[in-house]
Amino acid sequence: MTDLRSDTVTKPGVAMRAAMAQAAVGDDVYGEDPTVRELEERAAELLGKKAGLFFPSGTQSNLAALLSHCRRGDEYIAGDIYHVYRYEAGGAAVLGGISPCPLATGARGELAAQTVAAAVKDDDPHFPRTRLLCMENTVSGTAQDLAETKAAVAAARRRGLLAHLDGARLMNASIAQNIPAKKLAAPFDSVSLCLSKGLGAPAGTVLCGGKEFIGKARRNRKILGGGMRQAGIIAAAGMYALENNIERLHDDHQLAEELAQGLAEIAGTNGATVSLGTNMIFYAPAAADHSPLRHHLKGCGVLVGDGRPAFRMVTHLDVSRKDIAKTVAAFAKYYKSRKRR
Ligand SMILES: Cc1ncc(COP(=O)(O)O)c(C=O)c1O
């Protein structure tokens, strides 16, 4: 199978598994796991922050960040398509009494400074206290413009807000734009970086920020049940990912571009559209083709994400140039057989 549903589907290779098997470990709830500490320091340095904290997942890392920045009765503002608002089961409201204020994003997933400024509520007992701006990079594969991001965060800061970045795929943005990750992270008080997406580790996210913030996040991680013991075995995979799998994101972006080009030729004559950002391609077929095309692709050994109106396809460590050729051929075959019908 060529699995293009997500970059979370990668399986650790031999070298990553060897690093995991050989990891020095200790009890990380006691702060005694050397591999976890090394990973946290390395990630904090990469993102230009004072401290880091290892989490089992990106969802838990984002939630701990929100719980650490906000109190009950506070509100966070975020793009209405951002993961933290849409795909994390409303955790901040469910567990933290923190209400979301979703804002319309632009065509590239961005939040405009004036949209942010207009969303901040006055200090009035009728309103929740607007406390935090949450942004995301990349957004559905699209690397965010740094000047635009800085302007949005500056608008939030003028109204006394803090800022958190869901940087699940921040390294994709950094590689695509050739901007060091710490520059992309600089406007924010905290940044969450996933190791289990394009970077290819089986699990793990590092939340980075100031020392006091990370202290609060450690307490919240414990509340959320995320304190792990000999976690160095998983952290070793994350260390391996940071050392070996960042620069190679270029390859994923290159293959995504090749796939998008191949599909654009097919789409043009078949009422479909294609869009691309870093390692993600979105293919919107004519409505009548959606289900049969997906079914056909599966029959050809190609799995795609099941979004509507567009399928999502994501390139990653386990996708080769051969997989791209196979995928383009499978799309072409579908339209050829449809014409014959
Ligand atoms: C942008 C973004 N943020 C956060 C997450 C959450 O990560 P996890 O699945 O590790 O909880 C995801 C997962 O796909 C994501 O795409």
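The values are calculated or read from the model by the stated rules, or taken from the named source; none is laboratory data. The structure displayed is predicted, hence computed values, not measured ones. Cβ: placed from backbone, ideal geometry, glycine included. Neighbour counts: every protein chain shown.
Test P292 against the criterion of being more than 22 Å from E257 (Cβ to Cβ) and either at pLDDT 95 or above or loosely packed, with under 13 Cβ neighbours inside 10 Å (or both), and give yes or no. Reasoning before the result, please.
Working: more than 22 Å from E257 (Cβ to Cβ): yes; either at pLDDT 95 or above or loosely packed, with under 13 Cβ neighbours inside 10 Å (or both): yes.
It is true that P292 is more than 22 Å from E257 (Cβ to Cβ) and either at pLDDT 95 or above or loosely packed, with under 13 Cβ neighbours inside 10 Å (or both).
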Residues in segment 222-250 that are in a helix (DSSP H, G or I) and free of Cβ contacts under 8 Å to residues at least 12 places away in the same chain total 1
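Against the condition without any contact (Cβ under 8 Å) to a residue 40 or more places away in the chain and at positive phi, how does G271 come out, does it pass?
Numbers: without any contact (Cβ under 8 Å) to a residue 40 or more places away in the chain: yes; at positive phi: yes.
Judged against the criteria, G271 is a match.
Quick one: would you say Y76 is in the same structural domain as A185 (by TED's automatic domain parsing), crowded, with 16+ Cβ neighbours inside 10 Å, over 20 Å from R169 (Cβ atoms) and touching a strand residue (DSSP E or B) at 6+ places or on another chain (Cβ under 7 Å)? Break it down stepwise before answering.
Numbers: in the same structural domain as A185 (by TED's automatic domain parsing): yes; crowded, with 16+ Cβ neighbours inside 10 Å: yes; over 20 Å from R169 (Cβ atoms): yes; touching a strand residue (DSSP E or B) at 6+ places or on another chain (Cβ under 7 Å): yes.
In short, yes.
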Among helices (runs of 4 or more DSSP H) entirely inside segment 50-122, those with 1 or more residues being among the basic types (K, R), free of Cβ contacts under 8 Å to residues at least 24 places away in the same chain and over 22 Å from E40 (Cα atoms) are 83-86
Apart from one, (1) touching an Asp or Glu at 6+ places or on another chain (Cβ under 6 Å); (2) surrounded by fewer than 17 Cβ atoms within 10 Å (Cβ to Cβ); (3) not β-branched (V, I, T) all hold for H250; the odd one out is (1)
Over segment 198-213, the set of residues within 11 Å of the ligand (Cβ to nearest atom) and crowded, with 24+ Cβ neighbours inside 10 Å is G198, A201, G204, T205
Residue hits (segment 61-78; touching a helix residue (DSSP H, G or I) at 6+ places or on another chain (Cβ under 7 Å) and within 16 Å of the ligand (Cβ to nearest atom)) are N62, L63, A64, A65, L66, L67, Y76, A78
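Pull up segment 103-143, narrow it to residues that are touching a Phe, Trp or Tyr at 6+ places or on another chain (Cβ under 6 Å) and within 28 Å of K222 (Cα to Cα), then point me to the one that is surrounded by the fewest Cβ atoms within 10 Å (Cβ to Cβ). Break it down stepwise before answering.
Start the filter on segment 103-143 by keeping residues that are touching a Phe, Trp or Tyr at 6+ places or on another chain (Cβ under 6 Å), which leaves 121, 132, 134, 136.
This time we only want the ones that are within 28 Å of K222 (Cα to Cα), so: 132, 134, 136.
Numbers: L132: 25, C134: 29, E136: 28.
It comes out as L132.
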Only one of (1) more than 30 Å from K298 (Cα to Cα); (2) outside the structural domain of L193 (by TED's automatic domain parsing); (3) of a type in the set (S, T, Y) does not apply to T2, and that is (1)
